[in-house]
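Asks: First, the structure itself, so that you have it in front of you.
The values are calculated or read from the model by the stated rules, or taken from the named source; none is laboratory data. Here the structure is a predicted model, which is why all the values come from computation and not from measurement. Quick reminder, even Gly has a Cβ in these numbers, built from the backbone with ideal geometry, and neighbours come from all protein chains shown.
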Amino acid sequence: MNKYETVKTILRDKNQFIMTDNIQKAKDRLYDIIYSNDRGIYLFTGEQGAGKSLIIDRLISTIKDDIYLYRDIENRNNERTILEGLYRLIKKKSLASNIALDEVKNRVNDAYQKVNHTIIIDNADQLEESTLEKVADFFRENSKLKVIFVADITTSKDSEFFNSIIHAEEQNLTVLSNYNNSEIIKYYEQLLKFNFFKNDLKAISKYSELIEELTGGNLKAMRTLLSNLFKVLIASEENSIKRFSKINECVLTMSALEGGLIDG
């Protein structure tokens, strides 16, 4: 198995990420929310690919009880569909289609009465604005419920717009930022821990600032870059193109282009 095949195998495990200060802070905050007696609307944001869903999945696998994750992207076209999905999550059965919407709301409200019941709506940014507003209104009107909206948000302007719809209080906002330069190196060291990657890691450390520039420290982008990096290296070796057979600025830039991280 060559290095590229080894890297592909490593990257199949999508749950690999280092516990940076920022990730630990976000994880601790989510734990506090889940175990608190405070109900209300919470918002967990960050760039697409920053690792929000990984943290959520890790929390659910650890806690298991009382967390109800709604991640049905294909069927979230209206308020009723989402509320019926939330009811199905906790009751393990569906509501009859002829039940009025107000009754659906009552059933959902009654189902999530336990103090630690926590609803997590992932990919909330993919909801239509009108649907998001109606769902958020439902949670505001039912103060005994606790919900965490998870959304891909890039700029502070995006965050302000999203929060203007769901109206989460400032203290209920958790933001996950991307990796910094030293964290990028640590992440790659964690992935490429085999001896035959030793020289590659030295080069990655040398060009870490360029890697940060190409990926923005985004977890998903870092994985994409790594996969395409070794794809370029192996192809160069097989075709005896020596100048592209070792990690350098040109090879990293080519890999970023190959992965669609930058424009040509």
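Asks: For the stretch 253-264, indicate whether the set of residues that are assigned to a loop (DSSP other than H, G, I, E, B), of a type in the set (S, T, N, Q) and either in contact (Cβ under 8 Å) with a residue 24 or more places away in the chain or more than 22 Å from Asp125 (Cα to Cα) (or both) is non-empty. Outline the logic, then answer.
Replies: Quick first cut of the stretch 253-264, residues assigned to a loop (DSSP other than H, G, I, E, B) only: 259-264.
Okay, now just the ones that are also of a type in the set (S, T, N, Q), so none.
No, the stretch 253-264 contains no residue that is assigned to a loop (DSSP other than H, G, I, E, B), of a type in the set (S, T, N, Q) and either in contact (Cβ under 8 Å) with a residue 24 or more places away in the chain or more than 22 Å from Asp125 (Cα to Cα) (or both).
Residue by residue, here is whether (1) aliphatic (A, V, I, L, M); (2) modelled with pLDDT of 90 or more; (3) touching a Gly at 6+ places or on another chain (Cβ under 9 Å); (4) not assigned by TED's automatic domain parsing to the domain that holds Ala26 holds:
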site: Lys105; (1), (2), (3), (4): no, yes, no, no
site: His117; (1), (2), (3), (4): no, no, no, no
site: Ser143; (1), (2), (3), (4): no, no, yes, no
site: Thr155; (1), (2), (3), (4): no, no, no, no
site: Asp158; (1), (2), (3), (4): no, no, no, no
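Asks: A follow-up question, please. Exactly one of (1) free of Cβ contacts under 8 Å to residues at least 12 places away in the same chain; (2) in a strand (DSSP E or B); (3) small (Gly, Ala, Ser) is unmet by Ala151. Its number?
Replies: (1)
Asks: For the stretch 162-217, give me every one of the helices (runs of 4 or more DSSP H) that falls completely inside it and has 3 or more residues that are touching a Leu at 6+ places or on another chain (Cβ under 7 Å) and buried (at least 17 other Cβ atoms within 10 Å of the Cβ).
Replies: So the answer is 208-215.
Asks: Step by step: first the residues of the stretch 185-197, then only those that are within 12 Å of Leu219 (Cβ to Cβ) and either of a type in the set (Lys, Arg) or touching a helix residue (DSSP H, G or I) at 6+ places or on another chain (Cβ under 6 Å) (or both), then the one that is modelled with the highest pLDDT. Which residue is that?
Replies: Tyr188
Asks: Let me ask another. Please specify each residue of the stretch 28-84 satisfying the condition of being modelled with pLDDT under 90 and basic (Lys, Arg).
Replies: Correct list: Arg39, Arg58, Lys64, Arg71, Arg76.
Asks: Here's a follow-up. So, in the stretch 218-264, exactly how many residues are of a type in the set (Asp, Glu) and surrounded by 13 or more Cβ atoms within 10 Å (Cβ to Cβ)?
Replies: Number of matching residues: 2.
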